[in-house]
Amino acid sequence: AMLQRRVGTLRINLAHGNARSTREVITRVRQAARATGHAPALLFDLPGGKLRLGRQRGEVVLRVGQTFTLEPGASKQTTQQGAGINTKVLAAHVTRGDRLLLDDGKLALRVVRVDGQRVVTKVERGGALRARLGLAIEGKELPFANLLASDRRRIRIAVENGATHLGVSMVQRPEQLHAVRRALARLGRTDIKIVAKIETRSALANLDAILAASDEVMIARGDLRQAVGGSTRALRRAEAKIAARCQAAGVSFINATGFMSAMMHGDAPSKRNLRDVERAVKQGASRIMLNETAVGPRPLQTLEALQQALGQ
C-alpha cells in the first residue's frame with residue numbers, strides 16, 4: 001500500500017533483525033514493487049556506536065522513582081529491574097548525577113551510583129520500553145570507532161539486499177565515512193550513496209569535513225535534539241545551520257523524525273507538525289523521512305497526511 005502511494009525511499013534499520021530477517025523484508029519489498037510497478041530507493045541504516053538497550057519480551061513500563069540498572073550485555077533481556085546495553089564502557093563515562101535519555105528523550109534516568117560495570121539509576125521520566133531502544137548521555141558523547149566489526153557485517157547484508165543508500169549513524173568525524181566507503185569499494189559497490197546522519201555535537205563541529213566526505217546527509221532530529229540540549233529552539237537552530245551548509249556545499253539532505261508526531265496518538269498532524277514540514281521544505285530538504293510509519297499505529301494515514309502537507 002505504501003508503494004502504491006509512491007513512497008520514494010524505504011529505510012531498513014540494521015540495528016534490528018539479522019541477515020535472514022532482512023532478506024525476508026526485502027523479498028516483500030520486491031514483491032510489492034513488482035505488483036505496483038514502483039521500486040523505491042533502499043536506505044540501509046548502520047547503527048554504528050549508538051547506545052542501545054538489549055532484548056525484550058513482553059511489556060516493560062518504567063515508573064517514576066523506581067530503580068533501574070544498566071549493565072553490559074546486548075543479549076540480556078530487559079526486565080522491570082534493569083537492562084543490558086551494547087557497550088562495556090558506559091560505566092567509565094558516567095558519574096553520579098548524569099542524566100540518561102531513552103527513546104529520543106521521551107524517558108529519562110538519573111545516575112545514582114556506578115558499581116563496577118553496572119550503572120544504577122532512578123527513573124525521572126517514565127514510560128514504555130522496547131527492544132533495542134536508543135540511549136544517550138545528556139551533554140556527553142562516547143568516542144566511536146571508525147567502523148565496528150559488526151557494521152562491516154551489516155554492510156555486506158546491505159549490499160547483498162540491493163541497497164541504494166547506506167546511512168551511517170552517530171557520525172563524529174569524516175574518517176568514519178572514509179572507512180565505510182573503503183568497505184563498500186572492497187565489495188565492488190562504489191555506486192551506493194553514503195548518507196551521514198548528523199546527530200552529535202561532534203558532527204556539528206566537523207560539519208564541513210563531513211559534508212565533503214558524504215554523498216548526502218540526514219538531519220536525524222531525534223538524537224540531534226538531545227545533543228543540542230533538548231529544546232525545540234536549539235534544534236531549529238541546528239537544522240537551519242545544517243541546511244545552510246548543505247546548500248552552500250551542494251550536498252542534498254534528508255530531514256528525519258517527528259514530522260507527524262501528533263499521529264502517534266491522534267488521527268491528524270498538529271499545526272506544529274505542519275509548520276515543521278513547511279520549514280524543512282523551505283530550507284531545501286530533498287526528502288522528509290517519517291519514523292511514525294515504523295512505530296506508529298497509523299502508518300498509511302500518516303504517510304497520506306505528509307503527502308497532503310507537501311501538496312502531493
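Each reported figure results from applying straightforward, stated rules to the coordinates on display, with no laboratory input. In this text, all values refer to a predicted model and were calculated from it rather than measured experimentally. Cβ coordinates were reconstructed from backbone atoms using ideal geometry, including for glycine residues, and neighbour counts include every protein chain displayed.
Look at (1) assigned to a helix (DSSP H, G or I); (2) crowded, with 20+ Cβ neighbours inside 10 Å; (3) of a type outside the set (A, V, I, L, M) and you find that Pro269 fails only one, number (1). If you go through the range 112-157 and pick out every residue that is in contact with a His (Cβ under 9 Å, 6 or more places away or on another chain) and small (Gly, Ala, Ser), you end up with 1.
So that you can scan it fast, the table gives a plain yes or no per residue for (1) touching a helix residue (DSSP H, G or I) at 6+ places or on another chain (Cβ under 8 Å); (2) part of a strand (DSSP E or B); (3) acidic (Asp, Glu):
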site: Val171; (1), (2), (3): yes, no, no
site: Ala185; (1), (2), (3): no, no, no
site: Asp191; (1), (2), (3): no, no, yes
site: Ala196; (1), (2), (3): yes, yes, no
site: Ala203; (1), (2), (3): yes, no, no
site: Ile219; (1), (2), (3): yes, yes, no
site: Arg225; (1), (2), (3): yes, no, no
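Screening the range 208-221 for residues that are within 20 Å of Ser286 (Cβ to Cβ) and surrounded by fewer than 19 Cβ atoms within 10 Å (Cβ to Cβ) and picking the one that is nearest to the chain's Cα centre (by Cα) gives Asp215. On the basis of being over 24 Å from His165 (Cα atoms) and aliphatic (A, V, I, L, M), does Ala268 make the cut? Against the criterion (over 24 Å from His165 (Cα atoms) and aliphatic (A, V, I, L, M)), Ala268 qualifies. Considering only residues that are under 19 Å from the mean Cα position of the chain (by Cα) and among the small types (Gly, Ala, Ser), look in the range 263-298 and name the one that is nearest to Thr9 (Cα to Cα). It comes out as Ser286.
Selection of first residues in the range 195-218 that are farther than 16 Å from Ser252 by Cα and of second residues that are part of a strand (DSSP E or B), restricted to Cβ pairs under 6 Å at least 6 apart or on distinct chains, gives the following pairs, ordered by first then second residue: Glu199/Ala220.
Within the range 51-92, the only residue that satisfies the criterion of being within 21 Å of Ile137 (Cβ to Cβ), of a type in the set (Lys, Arg) and assigned to a strand (DSSP E or B) is Arg52. Filtered by the rule that a residue be crowded, with 21+ Cβ neighbours inside 10 Å and without any contact (Cβ under 8 Å) to a residue 60 or more places away in the chain, the range 30-69 gives a lone residue, Phe68.
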